[in-house]
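The values are calculated or read from the model by the stated rules, or taken from the named source; none is laboratory data. This is a predicted model, so every value here is computed, not measured. Cβ: placed from backbone, ideal geometry, glycine included. Neighbour counts: every protein chain shown.
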Amino acid sequence: MTGITYAEPLLLWLLVLVPGMIAFYVLRQQKTYASLSMPGLEPFNKTRRTFRNYLRHILFALRLVAVTLLIIVLARPQKTDKFQNITTEGIDIILALDISGSMLARDFKPDRLEASKNVATEFISGRPYDRLGLVVFSGESFTQCPLTTDHAVLINLMREIQSGMIEDGTAIGNGLATAINRVKDSDAASKVIILLTDGVNNRGEIAPSTAADIAKTYGVRVYTIGVGTRGTAPYPVQTPYGIQYQNMPVEIDEAILREIASKTGGSYFRATDNNKLLQVYAEIDKLEKSKIDVRQFTRKEEKFLLPAIFALAFLALEAMIRFTIYKNLT
């Protein structure tokens, strides 16, 4: 951060003398006109003012500017540079997001998937010092974005996620395994996966419990989130008349999600609406805080030389004009 400050700011009050000098000069000029009685002024009507007559005010203007600059010089203007040296022990976080068809259920507004994307985006924006990545899964899984500090790119890729991008189903084990593969070799102080799903594992080659054991081996902490209201929710169903929403029971395998969190040292959360989902991410944000060491430095550079040079230049110019063009002026 850069700005101009003054080592002796009280001396700037001397600038109130400048308007006084101007007022004194104007009054003095009014008194320099002599009254002369003449029987007739016709002989002087065609008399024109010379260049020297108009130029005489420049002497006062030059001195006025010089005095103003000298007052600023006495106040010692300084350029102040403030900068921070930030040392961080960041956290590497992979978001593993379920994008199966059931994530289009309308018990969240506008639906589970869009609500999850919106809250995750806010979470990403609030972690400027961490590397984050994104894995999506349904019947299979893939990496939407590897670990990165370019959060703008990550957020854009988050917005592009849609249900139906990959084969439908819920492969929790595969999704977790893919996320582990992305973070296991990290040298960050903490390696975290946030896994969000709304269903029961029914696809994939890797069992969720096995994936949890792998995460534990690599020192990866997993926070699991079950998304869905309790009871029934309006799910999208394909009918001969197109997609319609029908109330169906909400089934989330909370037992396996708890097991995954317990094995890896994380926590399990249940989000039943948009507000609860916000609270869940806020709680995880508090649990996983990056260590940030901020040291602030200030550097000051004197800036009085330039106004001093201009002040001397204006005084020299005034003296040159006074002793050349106006050397006979009394």
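Observations on the model:
- Among the residues listed as Val192, Val136, Val200, the single one being assigned to a strand (DSSP E or B) and either touching an Asp or Glu at 6+ places or on another chain (Cβ under 7 Å) or aromatic (Phe, Trp, Tyr) (or both): Val192
- The residues of the stretch 200-259 that are modelled with pLDDT under 95, aromatic (Phe, Trp, Tyr) and either within 20 Å of Gly139 (Cβ to Cβ) or touching a Leu at 6+ places or on another chain (Cβ under 8 Å) (or both) amount to a single one, Tyr235.
- Odd one out for Glu283, checked against (1) modelled with pLDDT under 85; (2) assigned to a helix (DSSP H, G or I): (1)
- Qualifying residue in the stretch 119-132 (condition: under 28 Å from Tyr235 (Cβ atoms) and over 25 Å from the mean Cα position of the chain (by Cα)): no
- Candidates in the stretch 145-179 are the residues that are touching a helix residue (DSSP H, G or I) at 6+ places or on another chain (Cβ under 8 Å) and either under 24 Å from Lys286 (Cβ atoms) or not assigned by TED's automatic domain parsing to the domain that holds Ile206 (or both); of these, the one that is surrounded by the most Cβ atoms within 10 Å (Cβ to Cβ) is Leu176.
- For the stretch 104-111, the condition holds for no residue, the condition being that it is farther than 26 Å from Met248 by Cα, in the same structural domain as Ala282 (by TED's automatic domain parsing) and not charged (D, E, K, R).
- Residue within the stretch 82-90 that is buried (at least 16 other Cβ atoms within 10 Å of the Cβ) and either touching a residue at least 60 places away in the same chain (Cβ under 8 Å) or assigned to a strand (DSSP E or B) (or both) present: yes
- Within the set Leu69, Leu59, Leu64, the sole residue that is touching a Pro at 6+ places or on another chain (Cβ under 6 Å), assigned to a helix (DSSP H, G or I), aliphatic (A, V, I, L, M) and outside the structural domain of Asp187 (by TED's automatic domain parsing) turns out to be Leu69.
- Test: residue in the stretch 76-95 that is at pLDDT 90 or above and over 27 Å from Glu288 (Cα atoms): no
- For the residues Ile214, Ile161, Ile225, Ile166, the requirement of being assigned to a loop (DSSP other than H, G, I, E, B), in contact with a Lys or Arg (Cβ under 9 Å, 6 or more places away or on another chain) and in contact (Cβ under 8 Å) with a residue 12 or more places away in the chain singles out Ile161.
- Scan of the stretch 212-237 for residues that are among the hydrophobic types (A, V, I, L, M, F, W, C) and more than 14 Å from Gly173 (Cα to Cα), ordered by number: Val220, Ile225, Val227, Ala233, Val237
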